[in-house]
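Asker: Would you mind keeping the following structure in view while I ask a few things?
The values are calculated or read from the model by the stated rules, or taken from the named source; none is laboratory data. Note that the coordinates shown come from a computational prediction; the quantities given were computed from them, not determined experimentally. Cβ coordinates were reconstructed from backbone atoms using ideal geometry, including for glycine residues, and neighbour counts include every protein chain displayed.
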Amino acid sequence: MHSTNDIRRTFLDYFAANGHAVRPSAPLVPYNDPSLMFVNAGMVPFKNVFTGLETPPAPRATTSQKCVRAGGKHNDLDNVGYTARHLTLFEMLGNFSFGDYFKERAIELAWGLVTGEFGLDPERLLVTVYHTDDEAFDLWRKIAGLPDDRIIRIASKDNFWAMGSDGPCGPCSEIFWDHGPEIAGGPPGSPEEDGDRFVEIWNLVFMQHMQENDQIIGDLPRPSIDTGMGLERISTVLQGVHNVFDTDSFLELIQASEELTRTKAEGEQQASHRVIADHLRSTSFLIADGVLPSNEGRGYVLRRIMRRAMRHAHLLGAKEPLMHRLVPALVGEMGAAYPELPRAQALISEVLEREETRFRQTLDKGLRLLDEATDDMGEGARLPGETAFKLYDTYGFPYDLTVDALRPRGIEVDRAGFDEAMAQQKAAARAAWKGSGAAADQELWFDIAEREGSTEFTGYASTEGEGRV
Ligand code: ATP
Ligand code: MG
Ligand code: MG
Ligand code: MG
């Protein structure tokens, strides 16, 4: 069997053998982009290289980059535990050409790895190209010998990448694996594409244009390549399973939570074990990279993920804090590839335990309130926003925790009502400051907070645009 650790190695070795400099993963908190919550793709640490602000470390590079998608533009948090392919923390394997090779070589290298080194059955692979990218279409036909019906033209923005409204941009090509007809889902571009049958394993970006104000203004003199392959997704394929949580590295973590809670990852409890395993990874890596739980910005995203996991631990009947007791299993699994993990192990355990001890003081009461409030609700009902806000304000329930708790019963939460209650509380706080004859600079503070938006919102409110930190 290919272990996840072996697959990471194989990828990096393959690109090293093809002239790429192997670079370490950058920390999750981006050093070069204050507008970005967390590094969410392998190219992020190279942004300034692609724009020409920094000199490339080498003409070609390869990395396994830790990524978090739990806030800002890419937020997969709500999917975790419920799809077969989404994680909040995952590793993105990538190869990069900084004005060196371009489309043809990128496709050759990708196809060579998946069908050669990894030995995947070409019959079960299909690719997408941007609808106007005839060049990529022809290259896939020529290099991979794919029939026309397995090179799917996609017109949506999904298949066109841009760094921002100004900067390099270009068409994408995504490589999909067909997990087989027994799994629900349709090919990319079809109405059923959201299922788990056809899973995107690799995304190639062909950076070839320059844009300004979202308009292409010309071609780059030296086009570049940026690719990203989900390590956990390719492990799923190579290990002959159909769900990222069934791969070797997750099985270790799930086994640990099964033992500690004396439950099985089956039936209703399966999602809880999966959520806990995923959230253990993302929270531990975030703490190792210097993020601590707080009520704003990055720290609040961390707190949301932690508390979401902690409710699932509670669901499994854990009588004591659970998360910190899983840390040794994680360090055993990933500590060799990510030495920052064993280095921060004591801190990670301490932060997790303290947060869980603290949250458990209000969790029970909050859940009781939630039960009472939804007692007579059926599927399709809506929890009033004020109740969700009370849970947030009094019991420390992040909004998405409440959403997650009601999800199995098909009950929704009134988001607008929640926002409204939050705004009202802010207004009341502001009035109170005024009433007490607050100094002008305190008023100024409220002005800024209102104009810039509450930092508490940034973690989950913004689905369009990166959350501000
Ligand atoms: P999807 O359409 O499946 O959500 P994506 O197009 O958003 O994926 P990219 O931004 O292209 O993903 O990222 C590159 C690769 O990283 C993907 O091809 C996939 O293999 C992997 N990946 C993306 N998001 C996740 C996630 N939440 N968990 C695990 N792997 C992921
Ligand atoms: Mg996505
Ligand atoms: Mg995609
Ligand atoms: Mg993609």
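Asker: Evaluate segment 277-285: report whether one residue or more is within 26 Å of Thr83 (Cα to Cα) and either of a type in the set (Asp, Glu) or not assigned by TED's automatic domain parsing to the domain that holds Leu367 (or both).
Answerer: yes
Asker: Can you tell me how many residues in segment 396-417 are touching a strand residue (DSSP E or B) at 6+ places or on another chain (Cβ under 9 Å) and farther than 23 Å from Gly267 by Cα?
Answerer: 4
For every residue, the table says whether it meets (1) within 27 Å of Ile7 (Cβ to Cβ); (2) within 16 Å of ligand 3 (Cβ to nearest atom).
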| residue | (1), (2) |
| --- | --- |
| Leu28 | yes, no |
| Asn32 | no, no |
| Met43 | yes, yes |
| Val49 | yes, no |
| Leu53 | no, no |
| Pro57 | yes, no |
| Ala61 | yes, no |
| Gly71 | no, no |
| Asp76 | yes, yes |
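Asker: Still on this structure, I have one more. Report yes if some residue within segment 54-62 is under 18 Å from Phe90 (Cβ atoms), more than 15 Å from ligand 2 (Cβ to nearest atom), at pLDDT 90 or above and not charged (D, E, K, R); otherwise report no.
Answerer: yes
Asker: Give me the residue from segment 161-176 that is within 13 Å of ligand 3 (Cβ to nearest atom) and of a type outside the set (A, V, I, L, M) and, out of that set, surrounded by the most Cβ atoms within 10 Å (Cβ to Cβ).
Answerer: Once the filter is applied, the top-ranked residue is Ser173.
Asker: Check Glu232, Glu268, Glu259 and return the single one that is away from ligand 1 (no atom under 16 Å from the Cβ), among the acidic types (Asp, Glu), touching a helix residue (DSSP H, G or I) at 6+ places or on another chain (Cβ under 8 Å) and outside any strand (DSSP E or B).
Answerer: Glu268
Asker: If you don't mind, another one. (1) within 28 Å of Ser35 (Cα to Cα); (2) crowded, with 17+ Cβ neighbours inside 10 Å; (3) modelled with pLDDT of 95 or more: which one isn't true of Gly297, the others all being true?
Answerer: Here Gly297 clears every test but (3).
Asker: Taking segment 300-326 as the region of interest, how many residues are hydrophobic (A, V, I, L, M, F, W, C) and closer than 14 Å to Glu258 by Cα?
Answerer: Residues flagged as hydrophobic (A, V, I, L, M, F, W, C) and closer than 14 Å to Glu258 by Cα within segment 300-326 amount to 7.
Asker: Just to be sure I understand, how many residues within segment 161-204 are in a loop (DSSP other than H, G, I, E, B) and either within 16 Å of ligand 4 (Cβ to nearest atom) or not β-branched (Val, Ile, Thr) (or both)?
Answerer: Matching residues across segment 161-204 total 22.
Asker: Do you know which of the residues in segment 79-114 that are within 10 Å of the chain's Cα centre (by Cα) and more than 16 Å from ligand 4 (Cβ to nearest atom) is modelled with the lowest pLDDT?
Answerer: Restricting to residues being within 10 Å of the chain's Cα centre (by Cα) and more than 16 Å from ligand 4 (Cβ to nearest atom), the top hit is Val80.
Asker: To continue, here is another question. Evaluate the following for Asp158: is it out of contact with any helix residue (DSSP H, G or I) (no Cβ under 8 Å at 6 or more places or on another chain), of a type in the set (D, E, K, R), part of a helix (DSSP H, G or I) and within 14 Å of ligand 3 (Cβ to nearest atom)?
Answerer: yes
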